[in-house]
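Asker: Can you keep this structure in mind? I'll have questions shortly.
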Amino acid sequence: MSWPKPKVLNPLKPPLKLHRGRWYLFFIVLGIITTILLILIWPNENYGSQWIFWMFATIIPTIITGIAISIRLYLYGLAQEEYEIWQLEQKNIEENWKDWAMKSLVILDSYYILPNHLTVQDILSNSENIPTEVNKSLEFGDEFNINIYLEEVFLSLRKLLLDLPEKEIINITIYTSFESNVLLKEDINKAYQMAQLPWKYKLTQHISDNIDLEIIQEMIDDSQTSLQLVIINNTISSNSAFLCAFLATSKQYYQDLGINNAKVEILRPMIATELDNAIIQMIDMQHAIKQVKQLWFANMDNKQQTEITTLLADQKISPTNLVKLDSLIGNHTVLSFWLSLAMGYEMVMLTNQNNLMTAYSHNKWLLSILTSSTSGVVNEK
């Protein structure tokens with residue numbers, strides 16, 4: 001599972017409680033043994049009428065029992081203290097694990113462009129009239145100029161980051177599919193300059209056809225204070241093409257910046273081989289899943305989609321809207337999960353409802369919740 005629960009090391013059992021009846025029995029048996037020994041060593045046979053005999057027969061077992069009880073209480077106290085310390089350590093481990101699982105990434109903005117120019121607004125307001133694109137591969141026309149849309153991505157930052165200090169550095173990471181053309185640094189720089197953005201940026205490019213949700217995990221746990229602009233370049237594809245992007249940062253850095261216009265969070269993604277256990281754990285840790293209204297499917301067949309909806313229904317989670325990317329954008333791949341995140345951001349902004357994004361890749365289920373940071377259900381129990 002994506003969220004392995006910390007193993008309990010050297011588990012301790014609570015110390016055995018003191019049993020009053022056993023100590024009474026111990027005292028009685030010790031008294032009998034003491035009396036017998038005194039009889040055997042007593043110098044005369046008139047011990048029964050001598051008070052000193054009975055004094056010894058009483059005092060000796062009393063003293064021994066008192067010493068034994070004192071030692072037992074001391075050992076019990078040590079064991080109880082050790083057990084309480086262990087319990088506190090386990091509680092801290094459990095709380096740290098829960099805090100880790102409930103961390104989120106703040107999305108400041110998203111962008112996407114599809115060959116059929118479909119928008120989330122279309123899905124919400126006119127879904128019954130959207131032509132199905134199942135088994136089709138949509139592609140951009142010859143007139144498509146990626147540089148124009150790159151400039152649009154950067155232009156969208158201007159209205160968003162006006163309050164940022166000019167010393168801020170934006171980390172731009174571009175993931176290009178194997179079939180798409182790698183973006184030239186000169187083109188990126190030109191588009192960035194055309195948008196007249198004052199902030200410096202660092203550029204990193206990767207070529208991949210795979211979803212790596214560890215990227216989001218790393219961004220959530222990133223101790224560095226930075227803004228991350230992630231661009232997915234799938235503009236040339238034997239399946240359906242698209243270009244999408246989203247600007248994000250860790251929640252802590254978002255709070256430090258004091259930006260007020262972000263309303264969407266990506267909760268820590270779940271990567272799992274066992275779907276039922278994954279959903280149960282998400283319900284336990286991420287309570288926003290209980291209020292999911294939009295359910296997105298990417299790179300899944302009908303059987304897998306049914307499996308997810310059935311397991312959610314078993315947990316009394318019934319989304320009102322199922323968004324199947326294959327019917328909207330045509331043939332899709334694992335990269336389409338990034339597209340669903342970009343579109344899901346807009347869905348949350350328009351509806352203020354929680355979205356569950358799902359995909360299947362390399363025999364693993366990928367689950368991620370998008371939620372409004374103002375909806376009040378991120379950590380609701």
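Asker: Checking residue 133 against (1) touching a residue at least 12 places away in the same chain (Cβ under 8 Å); (2) closer than 27 Å to residue 32 by Cβ; (3) not aromatic (Phe, Trp, Tyr), only one condition comes out false. Which one?
Answerer: (2)
Asker: So which of 84, 95, 143 ends up being farther than 30 Å from residue 258 by Cβ, without any contact (Cβ under 8 Å) to a residue 12 or more places away in the chain and under 32 Å from the mean Cα position of the chain (by Cα)?
Answerer: 84
Asker: Moving to a separate point now. Filter the range 98-133 down to the residues that are in a helix (DSSP H, G or I) and exposed (fewer than 13 other Cβ atoms within 10 Å of the Cβ), then identify the one that is nearest to the chain's Cα centre (by Cα). Don't jump to the end; show me each part of the working.
Answerer: Taking the range 98-133 and keeping what is in a helix (DSSP H, G or I), we get 98-101, 120-129.
With the extra rule that they be exposed (fewer than 13 other Cβ atoms within 10 Å of the Cβ), the set shrinks to 99, 121, 125-129.
Working: 99: 8, 121: 29, 125: 32, 126: 34, 127: 32, 128: 35, 129: 37 Å.
Going through the qualifying residues, I end up with 99.
Asker: Quick one: which residue in 183, 243, 203 is surrounded by 17 or more Cβ atoms within 10 Å (Cβ to Cβ) and assigned to a strand (DSSP E or B)?
Answerer: Details: 183 fails: assigned to a strand (DSSP E or B); 203 fails: surrounded by 17 or more Cβ atoms within 10 Å (Cβ to Cβ).
Within the list 183, 243, 203, the selection yields 243.
Asker: Just for the range 292-349: of the residues that are among the charged types (D, E, K, R) and in a helix (DSSP H, G or I), which one is nearest to residue 129 (Cα to Cα)? Don't jump to the end; show me each part of the working.
Answerer: From the range 292-349, those among the charged types (D, E, K, R) are 293, 301, 303, 307, 314, 316, 324, 326, 346; that's our starting set.
Keeping just the survivors that are in a helix (DSSP H, G or I) gives 303, 307, 314, 326, 346.
Numbers: 303: 25, 307: 27, 314: 31, 326: 16, 346: 20 Å.
By that ranking, first place goes to 326.
Asker: Just one of 328, 335, 366 is hydrophobic (A, V, I, L, M, F, W, C), assigned by TED's automatic domain parsing to the domain that holds residue 136 and at pLDDT 90 or above; which is it?
Answerer: Values: 328 fails: at pLDDT 90 or above; 335 fails: at pLDDT 90 or above.
Answer to the selection: 366.
The values are calculated or read from the model by the stated rules, or taken from the named source; none is laboratory data. As the structure is a prediction and not an experimental result, all values here were calculated from the model. When we count neighbours, we look across all protein chains shown, and the Cβ atoms used for this are built from the backbone with ideal geometry, even at glycine.
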